[in-house]
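What follows is a structure written as structure tokens; I'll ask about it next.
The values are calculated or read from the model by the stated rules, or taken from the named source; none is laboratory data. Just so you know, these numbers come straight off a predicted model, no measurement behind them. No Cβ is skipped: glycine too gets one built from the backbone with ideal geometry, and neighbour counts run over all protein chains shown. Side chains included, ligands, DNA and RNA excluded: accessible areas come from the protein's heavy atoms. Shrake-Rupley method; radii C 1.70, N 1.55, O 1.52, S 1.80 Å.
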Amino acid sequence: MPKIQQTFSMSEADIIADITQDKGKADLCVFVVSSPGMAWSDERWYITNNDFDASSTVYFGKSGRAALTVYFVKNPGDAGWQTNHSLKGKL
């Protein structure tokens with residue numbers, strides 16, 4: 001289950017992600033959940049501040065080095081992979 005910790009240092013990140021405002025440009029549409037038990041698959045993320053609880057550390061920012069482009073959705077039914085990505089199943 002994806003428990004994501006945001007980092008503000010690119011060197012500390014497991015994944016560098018670009019946030020897009022255009023759903024059509026996203027690799028992954030993400031729905032943020034309010035508790036760890038609701039996080040499952042790659043598309044439902046629980047954001048944590050706890051280093052030991054996180055499954056991945058992500059740096060969000062506009063970067064030519066981004067490995068993933070995400071779009072945040074408000075409806076869990078809209079979440080999911082939009083592309084056949086190398087990170088699929090690894091978050």
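Residue check, residue 28 against (1) crowded, with 19+ Cβ neighbours inside 10 Å; (2) touching a helix residue (DSSP H, G or I) at 6+ places or on another chain (Cβ under 8 Å), all met but one. Which one?
So residue 28 meets the others, but not (2).
Here's another thing I want to ask about it. I'm trying to understand the selection: among the residues of region 60-89, which are more than 21 Å from residue 40 (Cβ to Cβ), open to solvent by 60 Å² or more (accessible area, probe 1.4 Å) and touching a residue at least 12 places away in the same chain (Cβ under 8 Å)?
62, 65, listed by residue number.
Residues in region 52-59: is at least one over 20 Å from residue 88 (Cβ atoms), open to solvent by 20 Å² or more (accessible area, probe 1.4 Å) and charged (D, E, K, R)?
yes
Sticking with this structure for a sec: Among the residues of region 46-59, write down those that are touching a residue at least 12 places away in the same chain (Cβ under 8 Å) and part of a loop (DSSP other than H, G, I, E, B).
Across region 46-59, the qualifying residues are 48, 49, 50, 51, 53, 54, 55.
Can you pull out every residue in region 20-55 that is within 12 Å of residue 72 (Cα to Cα) and in contact with a Gly (Cβ under 8 Å, 6 or more places away or on another chain)?
28, 29, 43 - these are the residues of region 20-55 that are within 12 Å of residue 72 (Cα to Cα) and in contact with a Gly (Cβ under 8 Å, 6 or more places away or on another chain).
Separate question: Report, by residue number, each residue of region 1-21 that is in contact (Cβ under 8 Å) with a residue 40 or more places away in the chain, over 16 Å from residue 87 (Cβ atoms) and open to solvent by 70 Å² or more (accessible area, probe 1.4 Å).
Correct list: 6, 8, 12, 21.
Does residue 33 satisfy the criteria of being farther than 23 Å from residue 11 by Cα, crowded, with 18+ Cβ neighbours inside 10 Å and at pLDDT 90 or above?
Yes, satisfied.
Considering only residues that are open to solvent by less than 40 Å² (accessible area, probe 1.4 Å) and outside any strand (DSSP E or B), which ones fall in region 36-45?
Going through region 36-45, the residues open to solvent by less than 40 Å² (accessible area, probe 1.4 Å) turn out to be 39, 42-43, 45.
Passing the criteria: 39, 42, 43.
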